[in-house]
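Q: Just dropping this structure here.
The values are calculated or read from the model by the stated rules, or taken from the named source; none is laboratory data. Just so you know, these numbers come straight off a predicted model, no measurement behind them. Cβ atoms come from the backbone with ideal geometry, glycine included; neighbour counts cover every protein chain shown.
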Amino acid sequence: MVVAQALTTASIGRHSELLAQTALLANGWTVLESIVPAAFDIAVTKRGDNRICRCQVKTLIQRTKDGVDYYVLKGKKNSGEVYDKYDCDVFIGVTNNVVYLVENRCISEYWARVDEVAEKWTELPTTL
């Protein structure tokens with residue numbers, strides 16, 4: 001009999017990365033993983049385009065402020081510094097199996113109202 005165990009932050013993070021990769025592949029991107037530690041989690045490119053886009057994957061947090069529900073994406077590294085343009089070009093936020101693309105604006109937190117998230121961030125479907 002298999003006993004369910006609490007998920008670690010590492011397994012939650014990896015789950016988000018795999019969902020992000022699935023969404024990117026479903027939307028025509030080629031996904032690349034670094035073989036050495038880097039500030040970004042994955043890099044992507046599209047066929048016929050020589051540009052590489054560096055992505056930092058984050059599990060979104062849901063918060064309520066003044067009675068309004070928000071998704072919050074943390075834009076800071078473990079060191080407490082914000083991700084700058086040298087670290088990553090975009091963030092990929094994941095929540096409840098939904099994936100969003102968010103431009104890196106070099107700030108500590110990115111907030112989007114749950115009922116307006118589609119207007120602020122780009123959703124990447126995970127289906128073909």
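Q: Here is a list: Val57, Val31, Val102, Val82. Which entry is more than 18 Å from Leu124 (Cα to Cα) and β-branched (Val, Ile, Thr)?
A: Val82
Q: Output the residues belonging to segment 30-52 that are within 22 Å of Asn97 (Cα to Cα) and of a type outside the set (Phe, Trp, Tyr).
A: If the condition is that a residue be within 22 Å of Asn97 (Cα to Cα) and of a type outside the set (Phe, Trp, Tyr), then Thr30, Val31, Leu32, Glu33, Asp41, Ile42, Ala43, Val44 are the ones that fit.
Q: What number of residues within segment 62-88 are in contact with an Asp or Glu (Cβ under 9 Å, 6 or more places away or on another chain) and either among the β-branched types (Val, Ile, Thr) or buried (at least 18 other Cβ atoms within 10 Å of the Cβ) (or both)?
A: 5
Q: Being surrounded by 10 or more Cβ atoms within 10 Å (Cβ to Cβ) and polar (S, T, N, Q): is that true of Thr45 here?
A: Answer is yes for this residue.
To keep it simple, each residue is scored yes or no on (1) part of a strand (DSSP E or B); (2) under 19 Å from Ala43 (Cα atoms); (3) of a type in the set (A, V, I, L, M, F, W, C); (4) at pLDDT 95 or above.
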{"residue": "Asn78", "(1), (2), (3), (4)": "no, no, no, no"}
{"residue": "Asp87", "(1), (2), (3), (4)": "no, yes, no, yes"}
{"residue": "Phe91", "(1), (2), (3), (4)": "yes, yes, yes, yes"}
{"residue": "Val102", "(1), (2), (3), (4)": "yes, yes, yes, yes"}
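Q: Given Thr30, Thr59, which one is in contact with a Gly (Cβ under 7 Å, 6 or more places away or on another chain) and polar (S, T, N, Q)?
A: Thr59
Q: Now for a separate question. Is it fair to say Asp115 is touching a strand residue (DSSP E or B) at 6+ places or on another chain (Cβ under 8 Å), modelled with pLDDT of 95 or more and part of a helix (DSSP H, G or I)?
A: yes
Q: Does segment 3-10 include one or more residues that are under 15 Å from the mean Cα position of the chain (by Cα) and either part of a helix (DSSP H, G or I) or surrounded by 11 or more Cβ atoms within 10 Å (Cβ to Cβ) (or both)?
A: Within segment 3-10, one or more residues are under 15 Å from the mean Cα position of the chain (by Cα) and either part of a helix (DSSP H, G or I) or surrounded by 11 or more Cβ atoms within 10 Å (Cβ to Cβ) (or both).
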